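These notes concern the structure reproduced below.
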Amino acid sequence: MNRILTVDLTQEKFNTQSLDERVVYRLLGGKGLATWILYQMVKPDVNPLDPENVLALATGPLNGTIAPCQKLCIASKSPATGTINDSYMGGWIGGELKFSGYDAVVITGRAEHPSMLVVDDGNVSVKRCERLWGMNTSAAERKVIEELGEGFKVAVIGPAGERMSPIAPVFSNLRSAGRGGLGAVMGSKNLKAIAVRGFRGVKVHDESMFERMVWIALRTLRMNEVTVRSLPIYGTDNILLTINETGALPTRNFQTGRFEGAEMISGESYRSELWLKDFSCCLGCNIRCSKIMKAKRGGGEVYVDGPDYETIFSLGSNCGVSDKEAIAYANYLCDEYGIDTISVGVIIAFYMELYEKGYLKGEDLPVKPIFGDGEAMVKLAELIGKGEGVGKTLQMGVKRLAEKYPGSEKFAMHVKGLEMPGYEPRAAQGMGLCYAVSERGACHLRAYTAGVELCGYGGGADPLSHDRAKVQLAIDRQDEKAVVDSSVLCFFTLFGLKLKEVYQMVVSATGFEYKDPDELKKLGARIITLSRLFNVREGFSRKDDTLPYRCLEEPLPEGPARGQVVHLDEMLDEYYELRGWDHEGIPEKETVSKIGLKDII
Amino acid sequence: MTNIGKEIRLSRIIDPEDGKAVVVAADHGFMLGPIKGVVNLEETLIKVVEGKPDAVLLSPGQARRLNHLFRGKKAPALLVRADWTNAFRDKTYTLPARSIKRVAVANAKGALSLGASGIVTYYFIGHSEDETEAYNFQLTSIFSRECEKLGLPFIVEALPFGERVTGANYAQLISVAMRIAVEAGADAIKTAYTGDVDSFRRAVRSAGVPVLVLGGAKARTLRDALEVVEEALTAGGSGVVFGRQVVQADDPKTFVSSVRMVVHEGKSVRDVISPYRGPIRLLVRAKNCVGCRECQLACSFFHEGEISLKKSRIRVDVELPEKFMPFPCTLCGKCVEACPTQALTFNPELKYVEFTAERCIGPKGCRKCVDACPFKVVGWNDDVKNPFICDMCKGNPKCVEYCPTDALLTAPLKGV
């Protein structure tokens, strides 16, 4: 469980290392391992697009097994935020990496020419691939498989990644490690693709116990409303109407939390009109939230994987657009050019508000960026994807765009440079805290309090409260998520599974003698503090754990949370204290040794 | 210090012969509105009653309206839900609850005059509001005193619920909730299964009263629901209170009978769901396949002890975006015909293709079986120079068991 392949692209040198078992025991795999590797290897102040930056692909103890819903962790220092950034990708490449005999791949340096990294059952090589440069994601992926032969699983970047746009993800099998510009890091390394094939078997520590524990986990998923019906039928978009009801559906660049066109873009509506096929995008997926549809555009039609809730919010309600096919088509363009749908939608919405507020007067505009205009939204997405015209500026993200228009930073919806996802924090205070303290900026997947606050899962919690209990709720979710991200399973398993079921699978797979699920939760907390230490070393502290002016100062105009702003400062005080960090958000020395980090970093 | 009234009435719910109970909850309309299965409650309950549950749980209003179902010596006992909560509120007609509220909707006396053999109320633990928590306990102890006076069994549905519940403390909170409810006077407990036998056993022990396990959201398969019952019984539980599992079943009567077989007759889940033991074949429902490859992973794990897509005895073609197709062994016999050394034969009893390694041509193997397979299902194991031959898992195929969408099914093999 600790074979690490190190690749230096500059010198074309490969190395296989074994990690200290103690480190693996304390950090498990996936997120934990990647965070540790980056903490060890990335020197402070390295430009994320320099060869010195490290790109880590890390599996966990449940990858390549029969456990449900397996993902792959990809991590690097982010060109969007300058923080540590770990993102999770579906598809089959995570399991394949294990089948090829590696638990993680660590990539440094920069190839001289456009190249791909090939890991073929333990044989590692770097192959030149100029002919792939410039290709869209799906074509590049197909081409690599064509050239290398059957059985390869391939991760690629699109043209945007080649251009090192900070909103470029890594793609594989229609899925992406979407956020924070990991595709740009690949691009900066001249790395177009990573291809993996493996013929080896993965063994677990205690076969019969593991079988039993996986069966219990699968059964639990089959006995939970969210994982057995809501997600399989309506995808992640099953929540959209509820989120709209709670007044938390970001609309027109977060100007409000209610969208008049919500019905038109709901999961129910997509299901009845457009989705053709449920699809398990991840190895061993028992949930199948992914949907495949055809989108018609300009006389032709294209297949789209999606759209999912985040895409529907960002390109839909957030741009005021209720045209299902326009959203789906823009999703397709994003996937093909290799850009992150969340960031793209939030950038376009920001651009639309810039226009609305008169900031763009006198500029040469490719289209009138008006809220609600689906065609304009699609056109802008295309320009961003191609990096042409105004797209050249827009592809750099909301934060950099706002720097061009003084005053606009008040409604530039990002945290630390990462565009905000689809839950209005003024209508769910816990999400506000999560966006502010997440190690990679505005991310909904680090501590999904929205499930409890907005969807009422597990008895619910008042979305407007911002007391110690709410902060503890966020911490609990953050710790649990860090464990799942280190396993590496899909976050959605946690809608059905309790941490106990994950614990049972992890222990029987590894033989690690964690005492109880709570010990695993503490492991999650350890990883959160480790990623914090990375960011602190880069100069981040309380001053950066903030939200856009709009969330902190402009009351939400309608819905159940009308009149609310995010009460961030009080929550931050509590959060730091509960984490054992000081008032500035810096982990106390005592904490670092108490939680079991001191002797491994 | 026995309460005779309680004992007699409790014996109508929990069978004194074996100390077990099969209770059907049908009070969903009360918390959730007319969800699937309870739209026409009377129609559903008539079918439920045919399956012979020991008791049925209803809201006070429905208990009055449907009282005719509880008359006669063979009729099930009636349980009345005596409180209401907003905790399970359906998001389709309103916002999720901001804080958990509970209200008493019947007293013990009222329930008794409806003919009830017991009442059921909630007890939640895991929310952060002090007042709600205190009211929670107050309500429980009031009901407890009333029931004690009237000799009416008091069943508490003790559940972890609220924002302080985490994945790490869930099982522990089930135990705590049950124990507090017992301290407040519960005669029996309805609660969620902790998910594994050991932790549930500890919880049942510390409760010290009969514990009935609830069903929750409708499981995808009967097997899942019955397994939970079986495990709860193994852990010392006294049976079930199943709601949506039963009322949303395609055939509520058979569902209740199946649960009875496990609870009262001590049958194993396998015997209840698939008593067939003869030769089988594998069926493919390609339109259901979603491309997860769990069948391949499971196949290699159970045959090879290690997990690998390349060591599976079933093949899945996944070509995005639309082609998803599993190819299992069809028992066509082409490999058997092609084998020059009779290393492949049909198992005389179960008719699957049986591989005898000693008869296989070594050391490199002739691979004629691999070439002969029209669907490329027969693979080659280069480690041991043997073919991968599907043995239908000798009647209980793992690929079918692990398929999440019924893209693979088994059927009795006929005409062999």
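Values quoted throughout were computed directly from the atomic coordinates according to the rules given, and no laboratory measurement underlies them. Computed from a predicted structure; not experimentally measured. We place every Cβ from the backbone using ideal geometry, glycine too, and count neighbours over all the protein chains shown.
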Give me the lysines in straight-line cross-link reach of B:K73: C-alpha distance below 17 Å, same-chain residues under 8 apart excluded.
B:K52
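Considering only DSSP states other than H, G, I, E and B, which trypsin sites (Lys or Arg not before Pro) in the range B:126-206 qualify as loop sites with at most 15 other Cβ atoms within 10 Å? Present the calculation step by step, with values, prior to reporting the outcome.
Values: sites: B:R145, B:K149, B:R164, B:R179, B:K190, B:R201, B:R202, B:R205; in loops: B:R164.
Filter output for the range B:126-206: empty list.
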Let me know the mean shielding of A:65-71 by other chains, meaning the per-residue number of their Cβ atoms within 10 Å of its Cβ.
4
Among B:A286, B:L41, B:I14, which residue has its Cα furthest toward the positive end of the charge dipole of chain B, with +1 on Lys/Arg Cβ and -1 on Asp/Glu Cβ?
B:A286
Would you work out the relative contact order for chain B, in percent, from Cα pairs under 8 angstrom that are 6 or more residues apart?
13 percent
In percent, how large is the relative contact order of the range A:3-197, given Cα pairs closer than 8 Å and 6 or more residues apart?
23 percent
So for the range A:425-600, using the alpha carbon gyration tensor with a ≥ b ≥ c as root eigenvalues (a/c under 1.5 gives rounded; past that, a/b versus b/c decides prolate or oblate), I'd call it oblate
Averaged over B:217-224, how many beta carbons belonging to a partner chain fall within 10 Å of each residue's beta carbon?
6
Give me the one-decimal nm value for the distance between modelled label points at A:M209 and A:K357, 7 Å along each residue's Cα-to-Cβ direction.
5.8 nm
Which aspartates and glutamates does A:K594 reach when only Cα atoms under 18 Å apart count, and residues fewer than 8 places away in its own chain are ignored?
A:D479, A:D518, A:E519, A:E577, A:D582
Signed unit charges on C-beta, dipole axis of the protein assembly as shown, positive-most listed residue B:A106, B:P160, B:A298:
B:A298
Here the range A:397-402 yields Karplus 3J(HN,Hα) values (6.51, -1.76, 1.60; θ = phi - 60°; whole Hz; Gly and Pro given as x) of x, 4, 4, 6, 5, 5
About the Cα centre, charge dipole magnitude for chain A (Lys/Arg +1, Asp/Glu -1 at Cβ), debye:
900 debye
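Which percent, to the nearest 5, of DSSP beta bridges fully inside chain B are antiparallel? Intermediate values should be presented prior to the final figure.
Working: 20 of 50 bridges.
The antiparallel fraction comes to roughly 40 percent.
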Show me the trypsin sites (Lys or Arg not before Pro) within the range A:430-536 that DSSP assigns to loop and that have at most 10 other Cβ atoms within 10 Å of their Cβ.
A:K515
Quick one: net charge of A:E112's neighbours, Cβ under 12 Å, K/R +1, D/E -1?
+1
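With charges only on Cβ, +1 for K and R and -1 for D and E, what is the dipole size of the protein assembly as shown about its Cα centre, in debye, rounded to 20?
Working: 128 positive and 127 negative charges, 436 e Å.
That gives the protein assembly as shown a dipole magnitude of about 2100 debye.
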Round to the nearest 0.05 the FRET efficiency obtained for A:R562 and B:V105 when R0 = 45 Å and r is the Cβ-Cβ distance.
0.90
Amide H neighbours of B:A87 at under 5 Å, excluding residues fewer than 5 places away on the same chain, with H built from the backbone geometry, are B:K101
Taking the Cβ of B:F375 as the center, what net charge do the other residues with Cβ under 12 Å away carry, scoring Lys and Arg +1 and Asp and Glu -1?
+3
If amide H atoms are built 1.01 Å from N in the plane of the peptide, which residues on other chains or at least 5 residues away come under 5 Å of the amide H of B:L408?
B:R285
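Classify the range A:3-197 from the C-alpha gyration tensor, please: rounded if a/c falls under 1.5, else prolate or oblate depending on whether a/b exceeds b/c.
Working: a/c = 1.39, a/b = 1.11, b/c = 1.25.
Rounded, because the longest to shortest axis ratio a/c is under 1.5.
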Dipole axis of chain A (+1 Lys, Arg; -1 Asp, Glu on Cβ), positive-most option in A:G257, A:V321, A:I216:
A:I216
For chain A, which cysteines have no second Cys with its Cβ under 4.7 Å from theirs?
A:C73, A:C129, A:C281, A:C289, A:C319, A:C334, A:C434, A:C443, A:C455, A:C551
Pull up the cross-link candidates among the lysines for A:K386, meaning alpha carbon to alpha carbon under 17 Å and not fewer than 8 places away within one chain.
A:K192
Please tell me the relative contact order of chain A in percent, rounded to the nearest whole number, where contacts are Cα pairs under 8 Å and at least six residues apart.
16 percent
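Suppose we keep just the DSSP beta bridges with both residues in the protein assembly as shown; what percent of those would be antiparallel, to 5? Can you show the working numbers first?
On the way: 70 of 113 bridges.
About 60 percent, rounded to the nearest 5.
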5 Å is the cut-off here: which amide hydrogens, built 1.01 Å from N in the peptide plane, fall below it relative to B:F161, excluding neighbours closer than 5 in sequence?
B:I125, B:G126, B:H127
DSSP-assigned coil residues among GluC sites (Glu not before Pro) in the range A:451-557, each with at most 13 further Cβ atoms within 10 Å
A:E513
Quick calc, A:K515 & A:D582: beta-carbon distance into FRET formula, R0 25 Å, rounding 0.05, result 0.30
Within the range B:330-373, which residues have the backbone N less than 15 Å from the label spot 7 Å out from B:L413 along Cα→beta-carbon, could you tell me?
B:330-337, B:344-356
Counting only GluC sites (Glu not before Pro) that sit in a DSSP loop (anything but H, G, I, E, B) with at most 15 other Cβ atoms within 10 Å, what is the longest stretch of chain B containing none of them?
B:18-264
Using each residue's phi in the range A:377-393, evaluate 6.51 cos²θ - 1.76 cosθ + 1.60 at θ = phi - 60° and report the 3J(HN,Hα) Karplus result to the nearest Hz, with x for Gly and Pro.
4, 4, 4, 5, 4, 5, 5, 5, x, 7, x, 10, x, 5, x, 4, 7
Computed E for A:L365/A:S541 - FRET, C-beta separation, R0 51 angstrom, nearest 0.05
0.85
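Which value, in debye to the nearest 20, gives the size of the charge dipole of the range A:251-412 about its Cα centre, when Lys and Arg are +1 and Asp and Glu are -1 at the Cβ? Mind dumping the intermediate values first?
Values: 20 positive and 24 negative charges, 42 e Å.
That gives the range A:251-412 a dipole magnitude of about 200 debye.
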